[in-house]
Amino acid sequence: MIDAQSYFSVIIFNGLTLFLLITLLPFLSWTLETLPVSLSGQRGFSLRFYYKRAFQAGKYIFKTGLTFKEGICCVFVTLTLLALPSFSLSKPLFHTPFLAFWSDPLLIGTGLVLVRFYFLPAQSLLLLSGSFIVLLWTELLLMLLVPQLHNGALFHNNDALEFDASLNGVLTCSALALLLTAPAPFQEDIIKRPYNLKEFHQNNRVENKRKREFLVLFQAIWVIFLSDLMFPELCGKVGISALLTFLLRTFCIILICTFCSLAQTEKNIRYISLLLGLGLLFALAGRFTA
């Protein structure tokens, strides 16, 4: 019989966890955007500005509703937010089979890449194909290295997995390859300078404004997904240590994104191929030594 008091405390802790996670999303987006600007000697927007944009995005949802494309993007982002472990102040209240099914790197990554396609459709058909290939390659390497891996085991049931050097190497190479293939979009990427009068008139300013405000949430979700993929062994902690490791993991991903952006290594086929090949070597080494 479940103790009603403990059940109520789990609900409170899960609600607090979700509130803290949503509160941290604009902060992660601000750090991702501001760090490369600050390192290049310029001044970016204030943190208050990003929280204002996130609030405006929520205000649009409740006031004006969503378009069909925005609704699909919100579904993918919400599922990802619920499926990823991120951090937990207490044990999760529910772990439904559907969320366990969605807690797969291939499904989560494909959903987020499709959301990215909504923000930057001009870039993305080749990028969409490349990202799907990287995610599929990651799935094949995990099946080769950990045949017993089932849906949700990597993120939620990782106590059953043995995180050795081979598995960590595969996940690190895959996360870095995905980061280079589909870098996190920035606010300035959404609005391009029009080169003629036709492009100027085709620019939908209202839609671009909404995209920039929703982008604050997507950037943070993308960083969280990459951090959970690269450091899944740190996702099983509970309490304040879980929050601290979450901040450390996400900050490491933001530092890597900043370095790749400043070094202009993003979308470089040679580096991506090198990382995928290195991931295959890790997988084969782990398979043969098992």
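Within the range 24-38, residues that are over 10 Å from Tyr50 (Cα atoms) sit with their Cβ atoms under 6 Å from residues that are among the aliphatic types (A, V, I, L, M) and open to solvent by 20 Å² or more (accessible area, probe 1.4 Å), at 6+ positions apart or across chains, in these pairs: Pro36/Leu262. Can you list the helices (runs of 4 or more DSSP H) lying wholly within the range 136-248 that have 2 or more residues being modelled with pLDDT of 90 or more and open to solvent by less than 40 Å² (accessible area, probe 1.4 Å)? Qualifying helices (runs of 4 or more DSSP H): 165-181, 205-230. Note on the range 1-120: enclosed helices (runs of 4 or more DSSP H) holding 2 or more residues that are at pLDDT 80 or above and surrounded by 17 or more Cβ atoms within 10 Å (Cβ to Cβ) are 4-39, 47-63, 68-83, 105-119. Give me the pairs: first residue in the range 154-172 and farther than 20 Å from Tyr271 by Cβ and of a type in the set (S, T, N, Q), second residue open to solvent by less than 10 Å² (accessible area, probe 1.4 Å) and at pLDDT 70 or above, beta-carbon distance under 8 Å, and six or more apart or on different chains, which are they? Hits for this filter: Asn158/Pro232; Ser166/Ala283; Ser166/Gly286. Of all residues in the range 270-290, those that are over 14 Å from Met143 (Cβ atoms) have Cβ atoms under 7 Å from Cβ atoms of residues that are open to solvent by 50 Å² or more (accessible area, probe 1.4 Å) and modelled with pLDDT of 90 or more, 6 or more apart or on another chain, in Leu276/Trp137. For the range 249-269, a residue qualifies if it is closer than 22 Å to Leu141 by Cα and outside any helix (DSSP H, G or I), and the qualifying residues are Lys267, Asn268. Pairs linking a residue in the range 246-260 that is farther than 23 Å from Leu89 by Cα to a residue that is open to solvent by 50 Å² or more (accessible area, probe 1.4 Å), with Cβ atoms under 7 Å and 6 or more positions apart or on different chains, are Thr258/Leu39; Cys260/Glu266. In the condition set (1) more than 28 Å from Leu35 (Cα to Cα); (2) modelled with pLDDT under 90, Phe282 is compliant with all but (2).
Filtering the range 257-290 to residues that are of a type in the set (S, T, N, Q) and open to solvent by less than 30 Å² (accessible area, probe 1.4 Å) leaves Thr258, Thr265.
The values are calculated or read from the model by the stated rules, or taken from the named source; none is laboratory data. What you see is a predicted model; the values in this text were computed from it and never measured. Cβ: placed from backbone, ideal geometry, glycine included. Neighbour counts: every protein chain shown. Protein only, heavy atoms only, side chains kept; ligands, DNA and RNA dropped before computing areas. Shrake-Rupley method; radii C 1.70, N 1.55, O 1.52, S 1.80 Å.
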